[in-house]
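This report refers to the structure that appears directly beneath it.
The values are calculated or read from the model by the stated rules, or taken from the named source; none is laboratory data. All values reported here derive from a predicted model rather than from experimental measurement. Using ideal geometry, Cβ is built from the backbone for each residue, glycine included, and neighbour counts are taken over all protein chains shown. In case anyone asks, the SASA skips ligands and DNA or RNA and just uses the protein heavy atoms, side chains included. Shrake-Rupley method; radii C 1.70, N 1.55, O 1.52, S 1.80 Å.
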Amino acid sequence: MSFADVETSDLGPTGQSKLESFLFSCELSSKVPFYTFQGDEEEDLEHFLELRTICLGEGAKEESNVVEVSAMNHQGKTISVPIACLHIKTLPMVSLGEFELKAPVTIRLNSGTGPVVVSGLHLIASQVEDSDLSDEEEDDEEEEEEMPAIKPAKKKQTQ
């Protein structure tokens, strides 16, 4: 997914959802050792944090920097899990793939002084009514109609 991408998916008989994605980043250090990601309180929206990379920032010391996340598990209990142990000489950056957590999520610099930069995507899922979808489909059709036809290049005749 790209920055501010919108995706629609079918959820079966209950309806469809719209997924928007926005760039996310925070910096952890000894001065600011944690960041809590929370979504808006709107009932029809679900907020997710998709972590992609964690890397040491400029000025990081030669020490281990352990980053952990705290979020709810499937039983509704908050658990903390270390997700990266960075060192400037051996592992200055780690890629997490698409590590997705439902808000609220707390990211903490458990040891070390940083700076550590955490980046990823803020995902917002919302329910879409059928009337909203038909409007979007009509807009897409109008955009397609406005595009000019591409004509093939003419071949040069040799004499």
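Would you mind estimating how fast region 45-129 diffuses translationally, via Stokes-Einstein at 4 °C and 1.567 mPa s with the Kirkwood radius over Cα pairs, in µm²/s?
My calculation gives 94 µm²/s for D.
Check each of the trypsin sites (Lys or Arg not before Pro) in region 24-68 and keep only those in coil by DSSP with at most 14 other C-beta atoms within 10 angstrom; list them in order.
Filter output for region 24-68: LYS31, LYS61.
Round to the nearest 10 and report in Å² the accessible area of ILE88, as given by a 1.4 Å probe over the protein chains' heavy atoms.
Accessible area of ILE88: about 70 Å².
What's the extension gain from GLU100 to SER17 if we count 0.36 nm per residue and subtract their Cα-Cα distance?
Result for the pair: 28.1 nm of gain on full extension.
Rounded to two decimals, what ratio of Rg to Rh does region 60-100 give with C-alpha atoms and a Kirkwood Rh?
So for region 60-100, dividing Rg by the Kirkwood Rh gives 1.10.
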